[in-house]
């Protein structure tokens, strides 16, 4: 099994700094994806449309990322990685400037489409870049830093974006994200070395290799089911908690913060235990997700139980995603960009599928049944995960460097 390129020239502290810079990139990109959820009402009021119409902006975003991750990776496969990341961050920054000055809803949607395209490119290349610039033997650490950036987007990015939007208007929230993205672009320019693409030749053969890898698509199926199960309930978690569980708006906000913090704990658990206890950790996290979404439907008015479920749920989701990601990369490290572009796309397909399933369940049966539906899908995911662990796939032997 091939290893990713190694770098022994850069000082160790610089290698860590590069990984943290990419983690901050992940924070900014995911904050941009999540923050419109808290601004839908303000945007709807500004443009004089219903929130349900504004919600299409979120759906379009997720499906573009899901569908375009692989095509965008292929289009950019021969580009040097640092330059590509700089262009991606630049387009991301300019798109937020366009969002801030949007003159109607259509122009806002167009700006968000541009953000979605840059998002698709970002997540198809960033995990492999982080692994390549990380210190030797720190693959799990690099992936966990990126996951922590995602978790911090939920913990700090979304509440902060909502606070800015409520205080100075939703446009200022997009301006703040754009400014942070500009700072990130400068950091990438200053810190990252030149990173030649690992797929500059033989893209067609690599693509064929990936698409004929049955083990890889079993892992993809597990991640699709996992995120579909999660977003069937999580997409509607605010009305679920308030309407069905009878929880106040303030405590709902606290639970969402708690969920994000738990995700960071899950990424830390993966960083420390992912290599040595990979199979038990994957089984436990998959089981934790299934049990939590099931209990959530029966935990009405039991505040302490809802809190415990929220913590285990958030940690389980993060750990499961990271463990499956590491296994996918381990199957063929030389095709990491292709593998990660598909991985990112499948996650977003799962997000869209979960939101759609949840909507159908709410309309046909009631919001309280979203958790039970999630549990059924999560149980199926656990079956696939169990099969993955029996394959005894090993983590790739990865060293940092470019």
Stretch gain in nm, segment residue 97-residue 17, where the contour uses 0.36 nm per residue and the Cα spacing is subtracted: 26.0 nm
Contact order normalised by residue count of region 202-396, Cα under 8 Å, 6+ apart, percent: 41 percent
In nm, spacing of pseudo-spin labels at residue 301 and residue 45 (7 Å Cα→C-beta vector): 3.3 nm
Separation of alpha-carbon centers, region 248-291 and region 109-165, rounded to whole Å: 18 Å
Stokes-Einstein translational diffusion, the chain - Kirkwood Rh over all Cα pairs, 0.890 mPa s, 25 °C, in µm²/s: 116 µm²/s
Difference of contour (0.36 nm per residue) and Cα-Cα distance, residue 386 to residue 67: 112.1 nm
Theoretical FRET efficiency, 1/(1+(r/R0)^6), r = Cβ-Cβ of residue 214 and residue 59, R0 45 Å, to 0.05: 0.90
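Eigenvalues of the Cα gyration tensor times 5, then square-rooted: what semi-axes does that give for region 9-197, in whole angstrom, largest first?
Numbers: eigenvalues 182, 59, 37 Å².
Semi-axes (√(5λ), whole Å): 30, 17, 14.
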Surface/4 estimate of mean projected area, convex hull on alpha-carbon atoms of region 62-135, nm²: 5.3 nm²
Relative contact order for the chain, counting Cα pairs under 8 Å that sit 6 or more residues apart, in percent: 31 percent
Ratio of Rg to Rh over region 202-396 (Cα coordinates, Kirkwood Rh, two decimals): 1.00
In range of the label at residue 194: residues from region 108-133 whose backbone nitrogen is under 20 Å from the point 7 Å along Cα→Cβ: 129-130, 132-133
Estimated distance in nm for a label pair at residue 167 and residue 253, the labels positioned 7 Å out from Cα along Cα-to-Cβ: 1.2 nm
Extension reserve of the residue 205-residue 113 stretch, reckoned as 0.36 nm per residue once the Cα distance is removed: 30.1 nm
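Read-outs throughout are calculated quantities, based only on the coordinates presented, and are distinct from any laboratory measurement. Quick caveat, the model's predicted, so the values are computed rather than measured. Here Cβ is always computed from backbone atoms with ideal geometry, including for glycine, and neighbour counts include all displayed protein chains.
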